[in-house]
Amino acid sequence: MTVHLLREISCKTSCRSRRCHRKADSLTNRAHGKDTRLRYPRRQSSLPPRIVDMRAALLILLGLVIGILGTVPVMNTLSERNPMPKAVMTTMGYHMHQLKGALKSQRCEAAVSLDQLQHMQVIASDIPAAFPGAPQPFVDDANHLRSALKAAVLAAPADCPALATVLEPVGKACQTCHQQYR
Ligand code: HEC
């Protein structure tokens with residue numbers, strides 16, 4: 001009993017915090033045989049209702065933000081499930097770019113041009129498989145590209161004017177499909 005009172009006094013003089021006073025009070029009460037549990041309900045519910053509301057709102061907001069942040073990778077993963085369409089087109093675009101670069105710099109080596117065109121011909125035959133379930137007009141467009149490339153390979157353009165001539169129908173075949181499906 002004396003110990004408790006001493007403690008209370010030392011606490012009340014040395015510490016101004018609410019928690020400390022509460023502890024001191026509780027010690028005194030306990031010393032007097034009172035139950036302190038009901039007098040000091042848990043801190044959370046002693047907060048004003050507005051602050052509790054704000055907490056809930058903040059938690060909901062946090063949940064929304066996490067949800068939105070989580071959706072982006074999921075969407076990306078879904079679109080990467082079949083990387084073929086993009087892969088085929090990117091490679092096609094690469095070879096086309098090389099050939100256009102040759103034309104621009106007026107350096108059209110016959111062997112190099114033929115090599116690029118042969119690559120494109122092979123890749124073009126992958127288009128239907130890379131876009132499974134595509135409608136018939138799409139498949140027709142892919143076939144047009146294939147025949148244009150076949151003709152280009154057979155022509156084996158020896159210089160820049162010849163390359164420009166064979167590339168024209170090829171470029172048109174790309175465009176026709178892109179206008180509708182890209
Ligand atoms: C039969 C239809 C078709 C033909 C023919 C076609 N493409 Fe495409 N291309 C598409 C479609 C569809 C997309 C969009 C693919 C996607 O984003 O998933 C596309 C996208 C592209 C892209 C962008 C790829 C990316 O990074 O998103 C390039 C580059 C490209 N095509 C180049 C070409 C070239 C060069 C040719 C001709 C030599 C060609 N395509 C012929 C249908 C076609």
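Mind checking which helices (runs of 4 or more DSSP H) fall wholly inside the stretch 78-182 and carry at least 2 residues that are touching a Pro at 6+ places or on another chain (Cβ under 8 Å) and either within 13 Å of the ligand (Cβ to nearest atom) or modelled with pLDDT under 95 (or both)?
Here the list reads 136-155, 160-181.
Within the stretch 106-137, can you find the residues that are closer than 18 Å to Pro83 by Cα and charged (D, E, K, R)?
Asp126, the sole residue that qualifies.
The values are calculated or read from the model by the stated rules, or taken from the named source; none is laboratory data. Every value quoted in this text rests on a predicted model; they were computed, and no experiment measured them. Reconstructed Cβ throughout: ideal geometry from the backbone, glycine too, with neighbour counts over all protein chains shown.
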